[in-house]
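Throughout, read-outs are computed from the coordinates displayed, never taken from laboratory work. Keep in mind that this is a model prediction, so the values were computed, not measured. Glycine also receives a Cβ, built like all others from the backbone with ideal geometry; neighbour counts cover every protein chain displayed.
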Amino acid sequence: MATTRSIARSALRATSSSFKNTATRNYTRFAPVARQTFRQQYRGYADNATLAPTPTPNPTPKAGGSNAWIYGLVAAVGAIGGGTYWFTQNPDLFAEKVKASFVPAFEDYQKVYNAIAKALEEHDEYDDGSYGPVLVRLAWHASGTYDKDTKTGGSNGATMRFAPEGDHGANAGLKAARDFLEPIKEANPWITYSDLWILAGVCAIQEMQGPVIPYRPGRSDRDLSFCTPDGRLPDASKEQNHLRAIFGRMGFNDQEIVALSGAHALGRCHTDRSGFEGPWTFSPTVLTNDYYRLLLEEKWQWRKWDGPKQLQDTKTKSLMMLPTDLAIIQDKKMRPFVEKYAKDNDAFFKDFSAVVLRLFELGVPFTTGKDQRWSFKTLDAQTS
Ligand code: HEM
């Protein structure tokens, strides 16, 4: 299965030569098309996803004995009569009671996952053909504010909804992702924004053919007094010591920094957001290890332009790398991990899933154990 996936994935990669023949922005539309092909050929990709046992809320007790149905009938008639009276007298209280007794289970979260996945397919007019990358960035920026010493920040709270944090320079452009999710929140008011944003990150990664990211709910929304101070997210113009300081504060080591950076296989930089410009790979809506391969295999030079310092590939001049991306191959301790992931997509997927899971759980006071995580099925796996 792993081999089949690797073959399929390499088929999806556009080579730099095929890319050269395509208009700069037009190539970006090929990925969803390729994705359809991938789906038809390799359905059931996530078939072996494991489902952790879901606790059944309020199990219905079974009636026993031969006269049970008579007692049941009498009880039901009584309940309907009494219930109707109670409801007509207290309609608002009734609605409140229904809301309060709703305990969402795995199936409810899978339904929200499906709604996000379908919205991703429907809105292919955005950017490179998918909101997926910007949803991943939203989930990461919600989580990446965590400080392990003060135990502040992290994916609990969804405090980026408020101006003090939403207006941080690093969060420029993420309103697009938050707005994209708003109809899904409206249709499922029981889910918190903070659980929804992380679920959307998980969904986007899986639907863009990345690995399964196990998930558990438990985040609550907080008010603006929990907004984190500016400066907790990485500055792309810096080097490896900055990365170590920022990711070390979250509790991550060198290997994990490199594994997380592979997310830059997805999406692009926007001049009106970060000031940088362009995608890292030729298939920005499909997760692959191409970020590492291109970082090592292409020749990179500093781009001559008015914008901030960024690298450009010498062959097609259409790809970019940030100074922080360059830093991970210049650093002697980080580079071996780049080499490992460039060679082995399965190793990248395994480590990426493990580290993203940790990232997305930073700062959350879960009441469920680590053995209670769920793995969602992709839309493909459900239709195969
Ligand atoms: C290593 C430190 C990192 C730096 C300095 C950095 C910096 C940036 C910058 C400058 C952009 C462009 C934003 C724009 O103009 O739209 C970007 C985009 C992105 N980043 Fe990072 N990032 C880092 C780590 C990560 C991590 C850990 C993840 C996820 C696990 C991630 C996921 C993404 C994605 C998916 C995009 C594309 C967004 C889009 O297409 O709209 N980044 N990043």
Self-check item: Positive-end extreme of charge dipole, the stretch 105-383 - chosen from L174, G363, Q110 (charges on Cβ)
Solution: G363
Quiz item: Expressed as a whole number of Å, what is the distance separating the alpha-carbon centroids of the stretch 292-320 and the stretch 142-180?
Solution: 29 Å
Quiz prompt | For the stretch 193-290, size of Cβ-based charge dipole, Lys and Arg +1, Asp and Glu -1, in debye | solution = 200 debye
Quiz item: Any idea what the dipole of the stretch 105-383 comes to, in debye rounded to 20, about its Cα centre with Lys/Arg Cβ at +1 and Asp/Glu Cβ at -1?
Solution: 820 debye
Quiz item: In this model, which of K238/K315; K238/K333; K315/K377 are farther than 28 Å apart at the alpha-carbon?
Solution: K315/K377
Exercise. For the stretch 115-225, build the charge dipole from Cβ charges (+1 Lys, Arg; -1 Asp, Glu) around the Cα centre, then report which of N188, G201, N156 sits farthest towards its positive end.
Key: N156
Quiz item: Once you put a point 7 Å from the Cα of D223 and another 7 Å from the Cα of S384, both along the Cβ direction, what distance in nm separates them?
Solution: 4.9 nm
Quiz item: Summing Lys, Arg as +1 and Asp, Glu as -1, what charge do residues with Cβ under 10 Å from the Cβ of T314 carry, T314 excluded?
Solution: +1
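If packing is taken as the average number of other Cβ atoms within 10 Å across a peptide's residues, how do 363-369, 374-380, 189-195, 280-286 rank, most packed first?
Highest mean packing first, the order is 280-286, 374-380, 189-195, 363-369.
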Quiz prompt | Local electrostatic count, D149, Cβ distance below 13 Å [Lys/Arg +1, Asp/Glu -1] | solution = +3
Practice problem: Just grab the label-to-label distance for T316 and A187, each label 7 Å out from Cα along the Cβ direction, in nm (one decimal). | Solution: 3.4 nm
Exercise. Grab the Cα-Cα distance for R335 and W302, subtract it from 0.36 nm times how many residues apart they are, and report the gain in nm with one decimal.
Key: 9.9 nm
